[in-house]
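The values are calculated or read from the model by the stated rules, or taken from the named source; none is laboratory data. Remember, predicted model here, so these are calculated numbers, not experimental data. No Cβ is skipped: glycine too gets one built from the backbone with ideal geometry, and neighbour counts run over all protein chains shown. When the accessible area is computed, the model is the full protein with side chains, heavy atoms only, and any ligands, DNA or RNA have been set aside. Shrake-Rupley method; radii C 1.70, N 1.55, O 1.52, S 1.80 Å.
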Amino acid sequence: MTGKFIVIEGLEGAGKTTAINTVATILNQHNIDDLQFTREPGGTPIAEALRNIIKNGLDNEFLTDKAELLMLYAARIQLIENVIKPSLKLGKWVIGDRHDLSTQAYQGGGRQLNTVFIETLKNQVLGDFKPDLTLYLDIDPEIGLMRAKSRGKLDRIEQQSLPFFKRIRQCYLELAKQDSTIITIDAEKPMANVVKQIEQILVTWLPKQVNLS
Ligand code: Z5A
């Protein structure tokens, strides 16, 4: 049996780290132990090199929005072909820290790049590959950014203005409404409550995916 691909999405400071650990714990409790963790952009040597440029830039050269988009897809396909697909084939379950929904939200909503251009690129690069389940952690960007700032220095994307992050949130919410494999979680609640929401979703979703007793 092939594995499943579960992705955690959301703005910075939404609590993706806790969510990833919660998903892993619940899978373990259901005897699903062979897990592969990924992060995007990143997760292979080439993708990690691209991540570094996307997050930090290089030698003060202006990074255009289109180049950022192309690098994100280059990183993503490296990860899909070299890590995610082989892992799924081996029966591993993959837990992803971000995936393509981030591009729709950040580059489509945030950067306001042409959505037809993004869609065309997505179709050409990814084909029909998509996560089995996406948990979108919804949070007011002001709260998320406050949490992220408390950790220290902000990267190139985190330094964007509040309206940029508000557009991203709007886009996430709209996309989640259109796709039944994306489930929205209220991430403004205390951590224990977020954990509970994830548990409730997985307890319903998991039995539909595998024959669990
Ligand atoms: N990006 C893009 O533009 N397009 C794409 O296609 C992709 C990505 C794939 C990746 O950077 C950047 O790339 C990201 C989007 C862009 N940039 N931005 N901006 P990253 O991987 O370094 O950053 P991130 O994905 O945003 O991770 P993050 O900032 O670490 O967010 P998080 O993982 O959700 O945060 P956290 O570490 O889990 O929690 C943050 C803090 O909040 C921490 O101290 C927690 O203890 C606290 N926290 C978490 N949950 C709660 C609750 N419920 N209550 C109170 N406090 C909490």
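Worth a mention:
- Checked against (1) within 23 Å of GLN159 (Cα to Cα); (2) under 13 Å from the mean Cα position of the chain (by Cα), ILE95 meets all criteria but (1).
- Candidates are the residues of region 127-146 that are in a helix (DSSP H, G or I) and within 12 Å of the ligand (Cβ to nearest atom); the one that is nearest to LEU27 (Cα to Cα) is GLY144.
- Boolean, LEU70 is open to solvent by 40 Å² or more (accessible area, probe 1.4 Å), out of contact with any strand residue (DSSP E or B) (no Cβ under 7 Å at 6 or more places or on another chain) and more than 15 Å from the ligand (Cβ to nearest atom): no
- For beta carbons closer than 7 Å, sequence separation of 6+ or different chains, a first residue in region 157-184 that is farther than 19 Å from ALA19 by Cα and a second that is of a type in the set (Lys, Arg) and surrounded by 12 or more Cβ atoms within 10 Å (Cβ to Cβ), the qualifying pairs are ILE157/LYS55.
- Qualifying positions in region 189-213 - small (Gly, Ala, Ser) and either modelled with pLDDT under 95 or under 20 Å from the mean Cα position of the chain (by Cα) (or both): SER213
- Looking across region 108-126, the residues that are part of a loop (DSSP other than H, G, I, E, B) and either touching a residue at least 24 places away in the same chain (Cβ under 8 Å) or over 26 Å from PHE164 (Cβ atoms) (or both) come down to ARG111, GLN112, LEU113.
- Residue among THR44, THR64, THR25 that is more than 24 Å from TYR106 (Cβ to Cβ), within 16 Å of the ligand (Cβ to nearest atom) and more than 15 Å from the chain's Cα centre (by Cα): THR25
- Here LYS153 passes the criteria (1) exposed (fewer than 15 other Cβ atoms within 10 Å of the Cβ); (2) under 28 Å from TYR73 (Cβ atoms); (3) in contact (Cβ under 8 Å) with a residue 40 or more places away in the chain except the one numbered (3).
- Within region 80-121, the set of residues being within 23 Å of ASP33 (Cβ to Cβ) and touching a strand residue (DSSP E or B) at 6+ places or on another chain (Cβ under 7 Å) comprises VAL83, ILE84, SER87, LEU88, LYS92, TRP93, VAL94, ILE95, GLY96, ASP97, HIS99.
- Residue match in region 162-175 (condition: away from the ligand (no atom under 16 Å from the Cβ) and open to solvent by less than 90 Å² (accessible area, probe 1.4 Å)): yes
- Region 176-189 - residue that is more than 13 Å from the ligand (Cβ to nearest atom) and surrounded by fewer than 17 Cβ atoms within 10 Å (Cβ to Cβ) and, of those, nearest to THR134 (Cα to Cα): THR181
- Scanning region 47-62 for residues that are surrounded by 15 or more Cβ atoms within 10 Å (Cβ to Cβ) and either in contact (Cβ under 8 Å) with a residue 60 or more places away in the chain or within 20 Å of GLN160 (Cβ to Cβ) (or both) returns LEU50, ARG51, ILE53, ILE54.
- Selected residue [among the β-branched types (Val, Ile, Thr), modelled with pLDDT of 95 or more and within 28 Å of LEU63 (Cα to Cα)] from THR181, THR134, THR120: THR120
- Enumeration of residues in region 81-103 that are more than 23 Å from LEU202 (Cβ to Cβ) and either surrounded by 23 or more Cβ atoms within 10 Å (Cβ to Cβ) or within 8 Å of the ligand (Cβ to nearest atom) (or both): THR103
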